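Enquirer: One structure, as structure tokens, below. Some questions next.
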Amino acid sequence: MTLAKNEGETAVRIARQMVDEFVKNGKVPTFEKLPKIFSEKRGVFVTLEKYPSHELRGCIGYPEPIMSLLNAIKDSAISAASRDPRFNPVQEKELDGTVVEVTILTPPKKIVVEKPEDYPKKIKVGRDGLIIKSSFYSGLLLPQVPVEWGWDETEFLRQTCRKAGLVLDSWQDPQTEVFSFQGEVFSEKSPRGEIVKKELG
């Protein structure tokens with residue numbers, strides 16, 4: 001699934017242009033002559049962070065590859081800037097202090113274990129993202145999150161349960177389903193600055 005460096009840079013530039021144009025004037029720019037990968041169906045998340053504090057400002061995406069990478073980035077970028085229910089919409093005055101990050105995902109796969117206690121052995125911080133589902137509840141955390149917070153695998157499971165609105169130890173319930181996925185993370189080092197691939201491991 002590995003993206004070339006220029007493809008990752010293009011993904012972030014698309015997301016940045018979407019956020020800037022939408023926040024400033026409500027317009028959606030068009031993009032032409034993109035690498036082939038942008039027409040392939042991929043899961044993606046766009047994350048906005050305040051600079052230099054790295055405080056989260058918005059994060060929305062598609063875990064499943066249900067639309068082209070280009071369209072997934074475009075929609076996720078707009079949503080991260082204007083539809084994340086945890087935050088007010090991004091204002092134009094904030095754009096120069098906001099860093100854009102794009103995570104391209106592999107399709108989620110259900111983790112099969114004989115008993116729930118085995119889940120920590122089946123996941124790896126720095127490699128995996130997690131989705132936890134139970135009844136009507138669902139929560140997702142990207143692969144970079146446990147790295148940034150210094151969690152081990154067990155705490156990663158607990159915090160994904162929290163994200164789903166579940167009790168922290170719900171991952172030990174036999175009715176709970178746990179899915180893993182991997183992601184490649186490309187991010188601006190500073191607002192509109194150099195774009196780099198984040199190494200999580």
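Enquirer: For residues in the stretch 102-137 being among the charged types (D, E, K, R) and in a strand (DSSP E or B), which is farthest from GLU7 (Cα to Cα)? Write out each step before concluding.
Expert: Initially, the stretch 102-137 is screened for residues among the charged types (D, E, K, R), giving 109-110, 114-115, 117-118, 121-122, 124, 127-128, 133.
Then keep just the ones that are in a strand (DSSP E or B); that gives 109-110, 128, 133.
Values: LYS109: 25, LYS110: 28, ASP128: 21, LYS133: 32 Å.
Out of the qualifying residues, it is LYS133.
Enquirer: Given the criteria modelled with pLDDT of 95 or more, charged (D, E, K, R) and crowded, with 21+ Cβ neighbours inside 10 Å, does GLU188 qualify?
Expert: In short, yes.
Enquirer: I need a count of the residues in the stretch 31-42 that are within 23 Å of the chain's Cα centre (by Cα) and without any contact (Cβ under 8 Å) to a residue 24 or more places away in the chain.
Expert: Quick first cut of the stretch 31-42, residues within 23 Å of the chain's Cα centre (by Cα) only: 31, 34-42.
Cutting the leftovers down to without any contact (Cβ under 8 Å) to a residue 24 or more places away in the chain gives us 36.
Qualifying residue count for the region: 1.
Enquirer: Is it true that GLU188 is charged (D, E, K, R), closer than 27 Å to VAL19 by Cβ and in the same structural domain as CYS59 (by TED's automatic domain parsing)? Steps first, answer last, please.
Expert: Values: charged (D, E, K, R): yes; closer than 27 Å to VAL19 by Cβ: yes; in the same structural domain as CYS59 (by TED's automatic domain parsing): yes.
Yes: the conditions hold for GLU188.
Enquirer: From the residues in the stretch 35-60 that are outside any strand (DSSP E or B), in contact with a strand residue (DSSP E or B) (Cβ under 8 Å, 6 or more places away or on another chain) and modelled with pLDDT of 95 or more, which one is nearest to GLU148 (Cα to Cα)?
Expert: Our first condition is that a residue be outside any strand (DSSP E or B); within the stretch 35-60, this holds for 35-40, 42, 51-55.
Of the ones still in play, those that are also in contact with a strand residue (DSSP E or B) (Cβ under 8 Å, 6 or more places away or on another chain) are 38-40, 42, 51, 54-55.
Subsequent filtering for residues that are modelled with pLDDT of 95 or more retains 38-40, 42, 51, 55.
Details: PHE38: 28, SER39: 31, GLU40: 29, ARG42: 24, TYR51: 15, GLU55: 11 Å.
Looking at the filtered set, the residue picked out is GLU55.
Enquirer: For the stretch 21-61, which residues satisfy the criterion of being of a type outside the set (A, V, I, L, M, F, W, C) and crowded, with 20+ Cβ neighbours inside 10 Å?
Expert: Filtering the stretch 21-61 for residues of a type outside the set (A, V, I, L, M, F, W, C) gives 21, 24-27, 29-30, 32-33, 35-36, 39-43, 47, 49-55, 57-58, 61.
Those that are of a type outside the set (A, V, I, L, M, F, W, C) and crowded, with 20+ Cβ neighbours inside 10 Å: ARG42, GLY43, THR47, GLU49, ARG57, GLY58, GLY61.
Enquirer: Next question. Go through the stretch 1-34 and give me each residue that's farther than 19 Å from PHE186 by Cα and part of a helix (DSSP H, G or I).
Expert: Listed by number, the residues that qualify are GLU21, PHE22, VAL23, LYS24, ASN25.
Enquirer: Still on this structure, please answer the following. Among the residues of the stretch 64-89, write down those that are surrounded by fewer than 20 Cβ atoms within 10 Å (Cβ to Cβ) and in contact (Cβ under 8 Å) with a residue 60 or more places away in the chain.
Expert: SER82, PRO89
Enquirer: Continuing with the same structure: For the stretch 168-179, what are the residues that are among the hydroxyl-bearing types (Ser, Thr, Tyr) and in a helix (DSSP H, G or I)? Write out each step before concluding.
Expert: Filtering the stretch 168-179 for residues among the hydroxyl-bearing types (Ser, Thr, Tyr) gives 170, 176.
Matches in the stretch 168-179: SER170 only.
Enquirer: Quick check: is even one residue across the stretch 101-112 closer than 24 Å to SER170 by Cα and hydrophobic (A, V, I, L, M, F, W, C)?
Expert: Quick first cut of the stretch 101-112, residues closer than 24 Å to SER170 by Cα only: 107-112.
With the extra rule that they be hydrophobic (A, V, I, L, M, F, W, C), the set shrinks to 111-112.
Yes, the stretch 101-112 has at least one match.
Enquirer: Scan (1) closer than 30 Å to LYS93 by Cα; (2) out of contact with any helix residue (DSSP H, G or I) (no Cβ under 7 Å at 6 or more places or on another chain) for the single condition ILE131 breaks and write down its number.
Expert: (1) is the only condition that ILE131 fails.
Enquirer: Next up: Would you please name the residue that is nearest to PHE45 (Cα to Cα), looking only at residues in the stretch 107-159 that are of a type in the set (D, E, K, R) and either modelled with pLDDT under 95 or touching a strand residue (DSSP E or B) at 6+ places or on another chain (Cβ under 7 Å) (or both)? Steps first, answer last, please.
Expert: Pass one, the stretch 107-159, residues of a type in the set (D, E, K, R): 109-110, 114-115, 117-118, 121-122, 124, 127-128, 133, 148, 152-153, 155, 158.
Then keep just the ones that are either modelled with pLDDT under 95 or touching a strand residue (DSSP E or B) at 6+ places or on another chain (Cβ under 7 Å) (or both); that gives 109-110, 127-128, 133, 148.
On the way: LYS109: 17, LYS110: 20, ARG127: 16, ASP128: 14, LYS133: 19, GLU148: 17 Å.
Only one residue fits best here, namely ASP128.
Enquirer: OK, next. Out of the stretch 23-58, which residues are closer than 16 Å to VAL100 by Cβ and of a type in the set (S, T, N, Q)?
Expert: Selection gives THR47, SER53.
Enquirer: Name the residue that is nearest to the chain's Cα centre (by Cα), counting only residues in the stretch 146-185 that are surrounded by 21 or more Cβ atoms within 10 Å (Cβ to Cβ) and hydroxyl-bearing (Ser, Thr, Tyr).
Expert: Among them, the one singled out is THR160.
Enquirer: For GLY165, which of the numbered conditions (1) part of a strand (DSSP E or B); (2) on the phi > 0 side of the Ramachandran plot; (3) of a type outside the set (D, E, K, R) fails to hold?
Expert: So the condition that GLY165 fails would be (1).
The values are calculated or read from the model by the stated rules, or taken from the named source; none is laboratory data. Just so it is clear, the model here is predicted, and its values are computed rather than measured. All Cβ positions, glycine included, derive from the backbone under ideal geometry; neighbour counts span all protein chains shown.
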